[in-house]
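The values are calculated or read from the model by the stated rules, or taken from the named source; none is laboratory data. It should be emphasised that the depicted structure is a prediction, and the values quoted were computed from it without experimental measurement. When we count neighbours, we look across all protein chains shown, and the Cβ atoms used for this are built from the backbone with ideal geometry, even at glycine.
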């Protein structure tokens, strides 16, 4: 099993979701888990569950980064924070990857400084997984690591996203699209037009410009954009899922009178919730850093933490970083990119 360090002080309700998620992951033999945080607090939380004999170990960290902390300041001032200790375990080879559902800016800063960037990567990118109407998955990047981007950054995102999709989802030749305001080659702003010119020369299955609706229709596998646009798309999607789920639940409750009909509808509703539930994907990997880092939602539950641990283990097992370095050198640097 891969060994994954888990920042146990990241979620809004820490450390309960982290401890419960670690137990779920350990029971399913997804990974050996290093719980990082205040030793006594984590020991007390573990004692409330049946965790004896599971591959879970506590690594002490005396500080925790809060959502109010600025990323760079938190890194400098809280040297013994749970996220910094977790990242250090990866850098020192004591863990194969780390997971945190804490302050996203602080996690990214910690990962970039502690682990460093891969050869050929100017800007690491966050990749988020979305369900599609065809039952497949689509990956969108960047979803927030880089608000301002240059064309060469989107070029690197495309290569990293394509490799990630190929390894994790098993697609031989993922379809890569560039998020724009129209499918025509000339549509978009200066960034997308310049990025389009670069992407069409890469040895990827580049399908051209795609629109927002393509994120969900299953016609494309990897969608590339700047972090500002990607983060807006991500937050809108999260809000839409909650709104649709709530409206659907209200409609079912008000229109179904028979017991049999209610049971069938409830089963269908649960199936729908599972397909669109972010906790099934766990978190977003930070692609391009020299080590495995998966960032979860602050509101993550135990299931989300378990799946984030699984994602980190799969990332490490797939040796994605080695593939990114190799293919960036051949695809981007070889094509004259930066």
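Number of residues in the range 104-124 that are without any contact (Cβ under 8 Å) to a residue 60 or more places away in the chain and either closer than 18 Å to residue 142 by Cβ or in a loop (DSSP other than H, G, I, E, B) (or both): the value is 4.
Yes or no, residue by residue, for (1) in the same structural domain as residue 315 (by TED's automatic domain parsing); (2) surrounded by 24 or more Cβ atoms within 10 Å (Cβ to Cβ):
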| position | (1), (2) |
| --- | --- |
| 93 | yes, no |
| 100 | yes, yes |
| 104 | yes, no |
| 108 | yes, no |
| 129 | no, no |
| 141 | no, yes |
| 145 | no, yes |
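Count, please, the residues in the range 167-195 that happen to be assigned to a helix (DSSP H, G or I), closer than 17 Å to residue 320 by Cβ and in contact with a strand residue (DSSP E or B) (Cβ under 7 Å, 6 or more places away or on another chain). Going through the range 167-195 one residue at a time, the tally reaches 1.
Taking the stated definitions as given, is residue 252 in contact with a helix residue (DSSP H, G or I) (Cβ under 6 Å, 6 or more places away or on another chain), assigned to a helix (DSSP H, G or I), farther than 21 Å from residue 137 by Cα and modelled with pLDDT under 90? The answer is yes for residue 252. Are any of the residues in the range 198-217 in a helix (DSSP H, G or I) and closer than 30 Å to residue 106 by Cβ? Checking the range 198-217: at least one residue is in a helix (DSSP H, G or I) and closer than 30 Å to residue 106 by Cβ. Restrict the check to the range 79-87 and report whether at least one residue is touching a residue at least 24 places away in the same chain (Cβ under 8 Å), under 14 Å from residue 15 (Cα atoms) and surrounded by fewer than 21 Cβ atoms within 10 Å (Cβ to Cβ). Checked against the condition, which is being touching a residue at least 24 places away in the same chain (Cβ under 8 Å), under 14 Å from residue 15 (Cα atoms) and surrounded by fewer than 21 Cβ atoms within 10 Å (Cβ to Cβ), the range 79-87 yields no hits at all.
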